[in-house]
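Some notes on the structure that comes next.
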Amino acid sequence: MSSERRRIVITGIGWVTPMGHDIESVWQRLLNGETDITPIERFDARTFPTTFASQVRNYDWTKFVKDPSLHGQPGIHTQFALGAARQAWDMSGLGTVAGLDPHRIGIYLGAGEGVLDFQSYQKTCLASREDDGHTINTVNWGEAAAKFLDGVGEVEQEPNMPASHISRELGIRGPVYNCLTACAASTQAIGEAASMMRRGDADVMVSGGTHTMLHVLGVTGFNRLTAMSTRNDDPATASRPFSKNRDGFVMGEGSGIIIMETLDHATARGANVLGEVTGYGSSADAYRITDIHPEGRGPAVAMLEALADAGLDPAKRRDDGKPPVQYISSHGTSTNENDHIETLAAKKVFGEMAYDIPMTSIKSMMGHLICAAGAVEFITCLLMLRDQVIPPTINLDEPDPDLDLDYVPNVKRETAMDTCLSNSFGFGGQNNTLVVSRI
Amino acid sequence: MPFQDRHLCPWLNGDYLAILTGPVLRVATEPRKLHYRPMTRRVVISGAGPISALGVGIDDTWSAMCEGRSGLKPLTCFDPGAFPCHVGGEVDPETFKVRNVVPKSYRKAVKVMCRDVELAVGAAVAAIHDAGLKTPGVDNEDGHVINPDRMGCQIGSGLIAADVQELTDAFVTSLGDDEEVDLGKWGVTGMENLTPLWLLKYLPNMLACHVTIVHDCQGPSNTITCSESSSALSLGESMRVIERGAADACLTGGAESKLNPLSYYRQTCAGRLADSSGLEVNDVVRPFSTEANGTALGEGGGLLVLEAKDNCDARGGRARAELLGYAATQSCDHDGMSATAEDIAAAIHNALRSADLDHESIDAIVPFGCGIPSVDAAEADAIETVFGERATSIPQVLTVPYTGNCNAGNGAIQVSIACRCLETQSLPARLNTGTIDRNLQVGPAEARDAQLSNILVLSVSQGGQNTAVILGKVS
């Protein structure tokens, strides 16, 4: 193995989000501080504690793939991923490169599970009760399932299906992974994909994530956890990270996919390089299944490890007086706990310098794309580095007095930057941080 | 803190701990040493904790396989009458109770563990014991053998099915006039019949979440969800985590239970279940035989302690096997579901290359061998492609006829058995029945001694992920 560490760059990006299905229009909307959070359309949620979400609309996956019949009836999370992957792949230009070895191209997604068809599922359960009115007879259940539950739809819920469909679409035959670490999944996927290429396991990796939990049991689950905002009278302002009256996250859905290559591979084919993954850190809270460690132990370790991996000292300003990273893409979910502890962790890592590093949450506009959130945020970091402008954290009119960092409230800001840090923390205690740099 | 010295990330030592325990705002002091050190660390398996119908822990598992005792039985945890396969591999509920293996302080959490989590938590305790480690989970007094921040955790898990009875009990509180769930009622009162933490029972990453809490593993943690290849892919990732210096040891492997109506239905729809009608229990899973018509499911899996060899040696641990090679590939046939011999063979070739070995050095194979004809055929073709004439003589070790297909956990059982083969220089018995028309060593056989230097372990998943792992005898 070479003693020189391989450099890993990004050459393609794509997304399917609630704010649009192409990179540039969504980017403009983010810079404008727009949002698209509206009453839930996918099912009747009018009596639910939360009645709104950030939803992908008017999206037709068949327009993105070379031959829809290749994919049968993919689940909605796979549909999002196929569209995002196609955009990223086309941008990278790899599709026109002759002589690519499919066994040197891999996939590492942080994709969520598919959507359970609630209507058919409850029908199946209710039709298979014993005479007592509630005990399930599993033989009846199996027979009812065969009648009501679509077989293909059930198989397509496996979390490795988006990766399998992408491999089919792009002819990929190298190592393929899917990780599922809740809200941290796609950040972790990108970090591990980079690690695989550094090790020499592949020359090109398709990475990112896709997810939707916008279904009856998904919304039910988060409502029972009281993790979601219930600002039903004003959905557009419900996602308000770092503000005093934040009351939970806003559920979003979608996919963000990137194409990564070794720098040598990208240079050899004259590819347009969007940025470099320079650092990755990962940790587990090992604390509680519901709560983040109150001192932000895990998030701080993830950030420190990522900085160390990138060869950056969090305690030291650069020769030009700037902090070692000039922007933090926060996990910033708009829950009381996350925003508080993430702020604390940033201060632990950067000390006084934390006040000089803008830290925003695009979840204020986009909502929380769960497994896909990290990838979409990573893509916005690349766009920020390209255009030297930071989109705002919107709905931040009344700051939380305990949260006093620079969250770029409400209005975008132009600034010179070359290195960003992107955080994702998942339910269950996985913390992941990436450092991305301009090349 | 003796293990601090052995940290391979020199900039993340004392000063780093001070940051984590110190005041919120600190003033930058001396610059720390910052550079990346690429490293190739040798990685060993220092503990194995399989869990399946054969029992909990490697000793019970191994002796059952040496005696040729299958764990498959007519299913009792639910009546599978509507599905083609009526046998399965259940973990004996009398011998394994999760509340007995977690620390007293953690017993409350048992309520929010689904079956998959219970299996992983049980396997983790067995693996930690086998490795001779101490954690807060197995020894409250003596603390850690490996620093918590140097211990990672990568666990393979499946698509977890919520309990149908639990949901139905809630559904019946919200019935409309048509005897179906009225979402209006569900939103107001129905959902309140689910416990507030209901969702957290069923998230795939809860296996790793509970295991990291019980054993205080604060290093990198991940959950790999690629069906039957999840365990082996997790093993590959743990290897990379240790090689790059992000941890000194990892709990790795996987666990899953598909022994519930929804998962049985999904496997039936995918055409993977054997038709057990008219068959003796031991004849249901017949890998590589012409009569094979599908697989039987088991619950289980296992966790392994993967450890940097330097770390294992320094603490006086006992390496069971060395992880010499690893590779993964993807089958992407037109229908996307078929196993392809060419890509399985590519995984084996790449693993051999990464181990710097040729196929002559492989003394035994633990194939996936699940009994699904198309999967078995692809695996057999791949073995013949790589091993040529040797394919006919190289012994194969089959686990699925003993445990059922444990899905995300299956690879961990295969690897655990391969470790024990290398340690004891012997091969367990084979149960396989039926007509074998391939010239492979997969027919019935007694346990026997064997000279084994290197063993190849294969996984082939529903979804197309293939892995090849090469384990070597510890010299």
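Quick notes on this structure:
To keep it simple, each residue is scored yes or no on (1) modelled with pLDDT of 95 or more; (2) crowded, with 24+ Cβ neighbours inside 10 Å; (3) out of contact with any strand residue (DSSP E or B) (no Cβ under 7 Å at 6 or more places or on another chain); (4) not in a loop (DSSP other than H, G, I, E, B).
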{"position": "A:ASP319", "(1), (2), (3), (4)": "yes, no, yes, no"}
{"position": "A:HIS331", "(1), (2), (3), (4)": "yes, yes, no, no"}
{"position": "A:TYR355", "(1), (2), (3), (4)": "yes, no, yes, yes"}
{"position": "A:MET365", "(1), (2), (3), (4)": "yes, yes, yes, yes"}
{"position": "A:CYS381", "(1), (2), (3), (4)": "yes, yes, no, yes"}
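- Just so you know, in the stretch B:312-366 the residues that are over 24 Å from B:SER453 (Cβ atoms) and more than 9 Å from every other protein chain (Cβ to nearest Cβ) include one that is modelled with the lowest pLDDT, and it is B:SER338.
- Residues that are within 14 Å of chain B (Cβ to nearest Cβ), touching a Leu at 6+ places or on another chain (Cβ under 9 Å), surrounded by fewer than 23 Cβ atoms within 10 Å (Cβ to Cβ) and in a loop (DSSP other than H, G, I, E, B) do not occur anywhere in the stretch A:48-64.
- Residue match in the stretch B:118-138 (condition: acidic (Asp, Glu), more than 30 Å from B:ALA314 (Cα to Cα) and within 20 Å of the chain's Cα centre (by Cα)): yes
- Of residues in the stretch B:445-466 being among the hydrophobic types (A, V, I, L, M, F, W, C) and assigned to a strand (DSSP E or B), the one nearest to A:VAL152 (Cα to Cα): B:VAL460
- The residue pairs whose first member lies in the stretch B:387-409 and is more than 16 Å from B:ALA123 (Cβ to Cβ), whose second member is of a type in the set (Phe, Trp, Tyr), and whose beta carbons are closer than 8 Å, counting only pairs six or more residues apart or on different chains, are B:ILE394/B:PHE387; B:VAL400/B:PHE368.
- Residue within the stretch A:163-174 that is aliphatic (A, V, I, L, M), touching a Ser or Thr at 6+ places or on another chain (Cβ under 8 Å) and at pLDDT 95 or above present: no
- Test: residue in the stretch A:310-317 that is closer than 18 Å to A:GLY248 by Cα and either assigned by TED's automatic domain parsing to the domain that holds A:TYR407 or not in a helix (DSSP H, G or I) (or both): no
- Filter result for the condition that a residue is in contact with a helix residue (DSSP H, G or I) (Cβ under 8 Å, 6 or more places away or on another chain) and surrounded by fewer than 20 Cβ atoms within 10 Å (Cβ to Cβ), over A:GLY75, A:GLY95: A:GLY95
- Scanning the stretch A:280-317 for residues that are surrounded by fewer than 19 Cβ atoms within 10 Å (Cβ to Cβ) and either more than 11 Å from chain B (Cβ to nearest Cβ) or among the acidic types (Asp, Glu) (or both), we see that the one that is nearest to the chain's Cα centre (by Cα) is A:ASP291.
- For the stretch A:396-416, the set of residues classified as part of a loop (DSSP other than H, G, I, E, B) and either closer than 19 Å to A:GLN28 by Cβ or among the basic types (Lys, Arg) (or both) consists of A:VAL408, A:ASN410, A:VAL411, A:LYS412, A:THR415, listed by residue number.
- In the stretch B:290-402, counting only strands (runs of 3 or more DSSP E) that sit wholly within it, the ones holding 1 or more residues that are surrounded by 18 or more Cβ atoms within 10 Å (Cβ to Cβ) and in contact with an Asp or Glu (Cβ under 9 Å, 6 or more places away or on another chain) span B:297-308, B:321-330.
- Boolean, B:VAL241 is in contact with a helix residue (DSSP H, G or I) (Cβ under 9 Å, 6 or more places away or on another chain), at the interface with another protein chain (Cβ under 9 Å from one of its Cβ atoms) and within 30 Å of A:CYS125 (Cβ to Cβ): no
- Candidate set: the stretch A:411-439, residues that are of a type in the set (Gly, Ala, Ser) and in contact with a Ser or Thr (Cβ under 6 Å, 6 or more places away or on another chain); chosen: the one nearest to A:LEU304 (Cα to Cα): A:SER422
The values are calculated or read from the model by the stated rules, or taken from the named source; none is laboratory data. These numbers come from a predicted model, not from an experiment. Reconstructed Cβ throughout: ideal geometry from the backbone, glycine too, with neighbour counts over all protein chains shown.
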